[in-house]
Amino acid sequence: MTSILLVDDDTQIVRAIVPALQVSGLTVKVTTNGQDAINQVDASEWDALIVDLGLPDMDGKSVIRHLRTKFTTPVVVISAQHSAAEVDAAKLVGASCFLHKPFRTPDLVQCLSRLLPN
């Protein structure tokens, strides 16, 4: 089964995303901060990550940088930050896809389906 690590501290976003991903046949683990995400990346292999840039303990880009030292796992960034500079910075550190909050969950599922092997 395809495993997704969702890194976001916004409970409303998590409650919206997790069921939509599960209905799509994905297994989802949620973490709410960057350090726990880094620990999860070190402990397990993931098919994809969904990372918010605004985490309580660090910038989501730090999580992506850490991931990129070991893996080429696809990363979808979800963020309320809408500046072109922030999108470019996220892609520079290794984001595969960037969705601006608020976004539609079907758009997230579609983005993941493009990134994950069939």
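Rule-based calculations on the coordinates, nothing more; no lab input. Since the structure is predicted, the reported quantities are computational estimates derived from the model, not experimental observations. Every residue, glycine as well, gets a Cβ built from its backbone with ideal geometry; the counts of neighbours run over all protein chains shown.
Mind checking the dipole of the range 2-115: about its Cα centre, +1 per Lys or Arg Cβ, -1 per Asp or Glu Cβ, Debye to the nearest 20? All intermediate terms of the calculation are to be shown ahead of the outcome.
Numbers: 10 positive and 13 negative charges, 61 e Å.
Here the size comes out at about 300 debye.
Within the range 1-82, which trypsin sites (Lys or Arg not before Pro) sit in a loop by DSSP and count at most 11 neighbouring Cβ atoms inside 10 Å? Before the final figure, lay out the partial values.
Numbers: sites: R15, K29, K61, R65, R68, K70; in loops: K70.
Here the trypsin sites (Lys or Arg not before Pro) that fit, given the DSSP loop and packing criteria, are K70.
Give me the lysines in straight-line cross-link reach of K70: C-alpha distance below 24 Å, same-chain residues under 8 apart excluded.
The qualifying lysines are K29, K61, K91.
Which entry is the computed mean projected area of the Cα convex hull in nm² for this structure: [x] 8.0; [y] 6.4; [z] 8.8?
Evaluating mean projected area of the Cα convex hull in nm² on these atoms matches [y].
For L116 and Q22, calculate 0.36 nm times their separation in residues minus their Cα-Cα distance, and state this gained length in nm to one decimal. The partial results should precede the final answer.
Numbers: separation 94, 0.36 × 94 = 33.84 nm, distance 1.48 nm.
Working it through step by step, the gained length comes to 32.4 nm.
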